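In what follows, a single structure is set out as structure tokens and then discussed.
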């Protein structure tokens, strides 16, 4: 199982899903109301490393973080 | 990198950083201090931080600065920061001014674009996400792409 966590203002509790790549995660999240409207402007990290590779292979225990637009300072 | 609950104590952080580096033979110390302005009836701004990714981001800047003989430092607030107090300090120490001036610009701009920090206005005690001032991070949008099902 892969854990998905939603950071900052996305009001959704963490999920645990079966996924073998980031594309699997994308497919699942596109079906979830309250999450899917954020996806076009969210970045992604796997185990705290930023990635923009949808073909990235996931293994059980990986943590996928969903990062909406930022504004520090 | 230092994270604090609530407003930053700018003077004590400056003192600490100066004490840390005063013997390091740097000829330039350039700090940037972010202060919350009173506007749009806000009482405060409030911040969420995702520390593991922020630490990775900061570590990459430590390396970039080191390649140029310089050192970067930063401090940021977590939670509510009232108007007229500081939420963010970054600084560059370097042997000469030119590298410090260039690095502080690059460091602060990349911070605004890619540090995993979320800002909220606090109005009447409620937090409202500052969506209109927020920027999608590098690589945003990949999860919106349709794949084979």
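The values are calculated or read from the model by the stated rules, or taken from the named source; none is laboratory data. All values derive from a computational prediction rather than experimental measurement. Here the Cβ is made from the backbone with ideal geometry for all residues, glycine too, and neighbour counts use every protein chain on show.
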One residue is enough: does the range B:73-96 have a residue meeting the conditions more than 18 Å from residue B:9 (Cα to Cα), in a strand (DSSP E or B), touching a strand residue (DSSP E or B) at 6+ places or on another chain (Cβ under 7 Å) and within 13 Å of chain A (Cβ to nearest Cβ)? no
For the range B:17-24, does any single residue satisfy the condition of being under 17 Å from residue B:118 (Cα atoms), out of contact with any helix residue (DSSP H, G or I) (no Cβ under 7 Å at 6 or more places or on another chain) and at pLDDT 95 or above? no
Selection within the range A:31-51 - facing chain B (nearest Cβ under 7 Å) and either buried (at least 17 other Cβ atoms within 10 Å of the Cβ) or in a loop (DSSP other than H, G, I, E, B) (or both): A:39, A:41, A:42, A:43, A:44, A:45, A:48, A:50
Take the range B:131-149 and flag every residue that is facing chain A (nearest Cβ under 9 Å), exposed (fewer than 14 other Cβ atoms within 10 Å of the Cβ) and part of a helix (DSSP H, G or I). B:133
Hey, among A:25, A:57, A:63, which residue is free of Cβ contacts under 8 Å to residues at least 40 places away in the same chain, under 10 Å from the mean Cα position of the chain (by Cα) and farther than 16 Å from residue B:131 by Cβ? A:25
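Among the residues in the range B:29-40, are any assigned to a helix (DSSP H, G or I), surrounded by 12 or more Cβ atoms within 10 Å (Cβ to Cβ), at pLDDT 95 or above and within 19 Å of the chain's Cα centre (by Cα)? Lay out the reasoning, then the answer.
Quick first cut of the range B:29-40, residues assigned to a helix (DSSP H, G or I) only: none.
No.
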Please specify each residue of the range A:52-73 satisfying the condition of being under 28 Å from residue B:75 (Cβ atoms) and either in a loop (DSSP other than H, G, I, E, B) or out of contact with any strand residue (DSSP E or B) (no Cβ under 8 Å at 6 or more places or on another chain) (or both). A:68, A:69, A:71, A:72, A:73
Tell me which residues, restricted to the range B:119-130, are more than 7 Å from chain A (Cβ to nearest Cβ) and not in a strand (DSSP E or B). B:124, B:125
Quick count over the range A:4-27, residues being assigned to a strand (DSSP E or B) and closer than 11 Å to residue A:66 by Cα, is 3
Looking only at the range A:1-21, filter to residues that are in contact with a helix residue (DSSP H, G or I) (Cβ under 7 Å, 6 or more places away or on another chain) and free of Cβ contacts under 8 Å to residues at least 60 places away in the same chain; which one of those is farthest from the other protein chains (Cβ to nearest Cβ)? A:17
Pairs, first without any contact (Cβ under 8 Å) to a residue 12 or more places away in the chain in the range B:44-61, second surrounded by fewer than 20 Cβ atoms within 10 Å (Cβ to Cβ), C-beta under 9 Å, six or more apart: B:52/A:47; B:52/A:48; B:56/A:48; B:56/A:49; B:56/A:50; B:59/B:1
Test: residue in the range A:58-68 that is at the interface with another protein chain (Cβ under 7 Å from one of its Cβ atoms) and surrounded by fewer than 16 Cβ atoms within 10 Å (Cβ to Cβ): no
